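The values are calculated or read from the model by the stated rules, or taken from the named source; none is laboratory data. Remember, predicted model here, so these are calculated numbers, not experimental data. Heads up, the Cβs are rebuilt from the backbone with ideal geometry, glycines too, and the neighbour counts pull from every protein chain shown.
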Amino acid sequence: MSWYKVDLFPLSLDLSPLLVQLQQKGILYRVTEEPRGQCLWLSNESQAGQLRGFIQEHGLEGIAPVSMAEASSNAASLQGGEQFMTRKLFEFQQALGRYPVTLGAILLGVLGALLVHYDHELTWVSWLTFQPIQLMGSRLGLASVTAGLELGQYWRLITPIFLHFGVFHILFNAMWVWEFGRRIEVGLGSLQLTGLILLIGVISNFAQYIWGGPSLFGGLSGVLYGLLGFLWIYNYFKPRPVFTLQPGIIGFMLVWVVLGMTGAVDFFMDGSIANAAHVGGLIAGMMCAAIAGIWTADKKDGT
């Protein structure tokens, strides 16, 4: 299927009133996040041209907003229809092609959460922990990380990031990995995001192990804090809309670290928060951004 560009809009602009009207008219659309903003595409060239001309002449203010009642009714009617499923399938295919690493990390995190939930004997989980573990009756036997490395089990350095302990744990991490990861993937590329996830994951795992000693820990939270730190600092070197985070998001995430240290968040999880992984990931991400920013600046000055 071909897609035809309508226009490019600022990332801060809420397109939902327009998108709801397109849904009502049965027009297939998609929205992609570009380095300079969000782009609206239609599947029909004639309709794309007409909408483009209308927006250029009247602006988005000329499109009457849809009431919440109409929007809710429309969404409910579409959910049972083939058109809704078709549009969602196309949206997922487009997202998979645009953010494969971000979605892949989230999917592995979901699989890790299911594994922890159903593997009560830790038979398979024990192959993904930072150090070898073994369930002995009601007690958990923990080896050192070097024991696994001496056996050539180097994957243990990264695989704990996919283990999640409870629904809240995976939902929180998936939401923020999606928010931060896709920005880096669209702005710098999938290969760069892969490298960041691997590097930050290893560093945050080591930070937790050094701080807390041998224990059963995991989750993408160290990675998401690393991606947050990367965006926070890299935007100072290469300011672009795709890298820009609202101050409220940064403030909320930092407050969340403090709450985690107090133990207040442990109530929602099967275990305790890996606070050292959060801090280690955040610092690792900030350092990666500083190094990348300085390196690209020096490279530009030298050309």
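Note on region 188-221: among residues that are among the small types (G, A, S) and in contact with a strand residue (DSSP E or B) (Cβ under 9 Å, 6 or more places away or on another chain), the one that is nearest to G109 (Cα to Cα) is S215. Considering region 33-59, and only residues there that are of a type in the set (D, E, K, R) and out of contact with any Phe, Trp or Tyr (no Cβ under 8 Å at 6 or more places or on another chain), the residue that is modelled with the lowest pLDDT turns out to be E57.
Would you confirm whether or not region 154-162 contains a residue that is under 15 Å from S204 (Cβ atoms) and either in contact (Cβ under 8 Å) with a residue 60 or more places away in the chain or more than 29 Å from the chain's Cα centre (by Cα) (or both)? Yes, region 154-162 contains a residue that is under 15 Å from S204 (Cβ atoms) and either in contact (Cβ under 8 Å) with a residue 60 or more places away in the chain or more than 29 Å from the chain's Cα centre (by Cα) (or both). Would you confirm whether or not region 201-220 contains a residue that is under 30 Å from L8 (Cα atoms), in contact with a Phe, Trp or Tyr (Cβ under 7 Å, 6 or more places away or on another chain) and part of a helix (DSSP H, G or I)? No; the residues of region 201-220 include none that is under 30 Å from L8 (Cα atoms), in contact with a Phe, Trp or Tyr (Cβ under 7 Å, 6 or more places away or on another chain) and part of a helix (DSSP H, G or I).
Have a look at A113, A64 and point out the one that is modelled with pLDDT under 85 and out of contact with any Lys or Arg (no Cβ under 7 Å at 6 or more places or on another chain). Criteria check complete, one pass: A64. Hey, does region 232-244 have a residue that's part of a helix (DSSP H, G or I), touching a helix residue (DSSP H, G or I) at 6+ places or on another chain (Cβ under 9 Å) and under 22 Å from L171 (Cα atoms)? Scanning region 232-244 turns up no residue that is part of a helix (DSSP H, G or I), touching a helix residue (DSSP H, G or I) at 6+ places or on another chain (Cβ under 9 Å) and under 22 Å from L171 (Cα atoms). For beta carbons closer than 7 Å, sequence separation of 6+ or different chains, a first residue in region 18-43 that is basic (K, R) and a second that is not in a helix (DSSP H, G or I), the qualifying pairs are R30/W3; R30/W41; R36/L8. Yes or no: region 110-130 includes at least one residue that is touching a residue at least 12 places away in the same chain (Cβ under 8 Å), under 18 Å from the mean Cα position of the chain (by Cα) and buried (at least 19 other Cβ atoms within 10 Å of the Cβ). Yes, region 110-130 contains at least one residue that is touching a residue at least 12 places away in the same chain (Cβ under 8 Å), under 18 Å from the mean Cα position of the chain (by Cα) and buried (at least 19 other Cβ atoms within 10 Å of the Cβ).
All conditions in (1) free of Cβ contacts under 8 Å to residues at least 60 places away in the same chain; (2) surrounded by fewer than 18 Cβ atoms within 10 Å (Cβ to Cβ); (3) under 30 Å from P132 (Cβ atoms) hold for L224, with the sole exception of (2).
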